[in-house]
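Enquirer: Pasting a structure here, questions to come.
Read-outs: derived from the displayed coordinates by stated rules, not from any lab. Quick caveat: nothing in here was measured; it's all calculated off a predicted structure. In this analysis, Cβ positions are derived from the backbone assuming ideal geometry, glycine residues included, and neighbour counts consider all displayed protein chains.
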DNA sequence: ATTAAGATACCGACTAGTTGGTATGTTGTC
DNA sequence: GACAACATACCAACTAGTCGGTATCTTAAT
């Protein structure tokens, strides 16, 4: 769609999408005005409505954008290089912990925030959030399925379902962290998630947590 | 604060609080207007601002109201009568599953929805949500602490932390259900939570799930 | 190489409708 | 008649979206 070589300077569209991720996670979707987004992106309203039909259309685009941004973050993470699938699964959870840094709006989930507000009012936004969350869950489930096949093929849980649960637990971790205004609350929750996932492989002598860079 | 005997007919204040629980869970907090709330409650704007200083003040009151409503729901549930603390803990999780019925806005968490939007913009709302979530988590932690003392006093997890995690997992379950627009996604997540909690007591031969009325 | 012509990207003043909140009644009860 | 509990009318600020306009980039014929 757009040549990415030579860094042509960020377009208003890109700036608006990035601004949306930041501002919406801070103020919520309804609480974010189009003017807020334009100001944060450093563009005008004309630019906004040149690139997006409506505020809701931007939300859909931003959710899809979030999917690609996060996909590349996880694709490039160190734990992906581990050869053992269970190492990758636990490495994923540890990586999620490592991502909990800085202020809350910097590490919480854009689509998780968005879907809370839009699930009932806009079907297209909800669908975009579903793609993002369940697409990511499916990636986690791939490693889970491999690990299950290798270590406990007869276990009575499905990789898909556990993959979704990892996402739920992490989303919930963000909510309690917001309620307490303390990122450490999220970390403790993700610790429990890790313990649960490790416990799904009772035959394995669990290695220690892999430190993330 | 208010005498509850003899059912004197619902005041505008009560109607507004109940309307807030319903409407905010459907449309989100910023997406809900004062007029929406007045219409849903069947009262006028004058009544609204007679009882509440501002929309934000109503949010705080509604969060505290949510705390009392939910506290009485759980206090009156059958699982509370079980004598064994671990039975009560697992009965709690099963009860949470049983509450997942009807449309999404009917069983999702008011304060979970609210804090997502208000954690950064209004400290009093956030604090009210913290009281609600962590107060409830502490109730769950009471039974967890008793169960731990009875069955595995030397286990390396704290009842408080697990109590908070139960809330996180349930909040996350609601988010994935909203994303998928399917309550069953929440049920599957709560199943995983149950498996995790049960697994914290490895010495116990786990009984089957208690059916809820 | 120049130029004409169209397309794309962007600007910012403007508008119609909405929003939280206010000012001023009215009603019933002690 | 004083006070609480509402109701009605209204407003100033804000909000999503529009619209006429300009700058720059693409294409292709000369």
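Enquirer: Where the label is 7 Å out from Cα toward Cβ, how close does residue A:155 come to the same position in every other copy, in nm, shortest first?
Expert: 1.9
Enquirer: Restricting attention to the alpha-carbon atoms of the protein assembly as shown, what are Rg (one decimal) and Dmax (integer), both in Å?
Expert: For the protein assembly as shown, the Cα-based Rg and Dmax read 22.3, 76 Å.
Enquirer: Considering only the label points, 7 Å along Cα→Cβ from Cα, what distances in nm to one decimal separate residue B:182 from the same position in each other copy, shortest first?
Expert: Spacings between copies for this position, smallest first, are 3.7 nm.
Enquirer: By how many degrees, 0 to 90 and rounded to 10, does the Cα axis of helix B:183-199 deviate from the longest principal axis of chain B?
Expert: 40
Enquirer: Over its Cα atoms, what ratio of radius of gyration to 2.2 N^0.38 Å does segment A:64-199 give?
Expert: Working it through for segment A:64-199, the quotient is 1.05.
Enquirer: Among B:78, B:143, B:64, which one shows the highest mean-square fluctuation when chain B is modelled as a Gaussian network with alpha-carbon springs under 10 Å?
Expert: Residue with maximal mean-square fluctuation among B:78, B:143, B:64: B:78.
Enquirer: Identify which of A:123, A:186, A:41 has the largest mean-square fluctuation in a Gaussian network model of chain A, with springs joining Cα atoms closer than 10 Å.
Expert: A:123
Enquirer: How large is the Kirkwood hydrodynamic radius of segment A:139-186, in angstrom, based on all distinct alpha carbon pairs?
Expert: 11.9
Enquirer: Per residue of B:177-187, count partner chain C-beta atoms within 10 Å of its C-beta, then hand back the mean as an integer.
Expert: 5
Enquirer: Something else about it: Could you give, in nm with one decimal, how far residue B:34 is from each other copy of that position, shortest first, with labels 7 Å out from Cα toward Cβ?
Expert: Relative to the other copies, residue B:34 has label-point distances of 2.5 nm.
Enquirer: Taking the mean number of other Cβ atoms within 10 Å as a proxy for protection, how do you rank B:18-29, B:170-181 from highest to lowest?
Expert: Averaged packing, sorted descending, gives the order B:170-181, B:18-29.
Enquirer: State, as an integer percentage, the relative contact order of segment B:1-148 based on alpha-carbon contacts under 8 Å between residues 6 or more apart.
Expert: Details: 127 pairs, mean separation 41.5, N = 148.
Result for segment B:1-148 is 28 percent.
Enquirer: Given the rule -39500 (n - 2.57) for each run of at least 4 DSSP H residues, summed and divided by the residues of the protein assembly as shown, what is its mean residue ellipticity at 222 nm, to the nearest 500 deg cm²/dmol?
Expert: Estimated from H runs of four or more residues: -22500 deg cm²/dmol.
Enquirer: Return the distance in nm (one decimal) between the two label points of a simple spin-label model at residue A:158 and residue A:205, each offset 7 Å from Cα along Cα→Cβ.
Expert: Going by the 7 Å Cα→Cβ label model, 3.5 nm.
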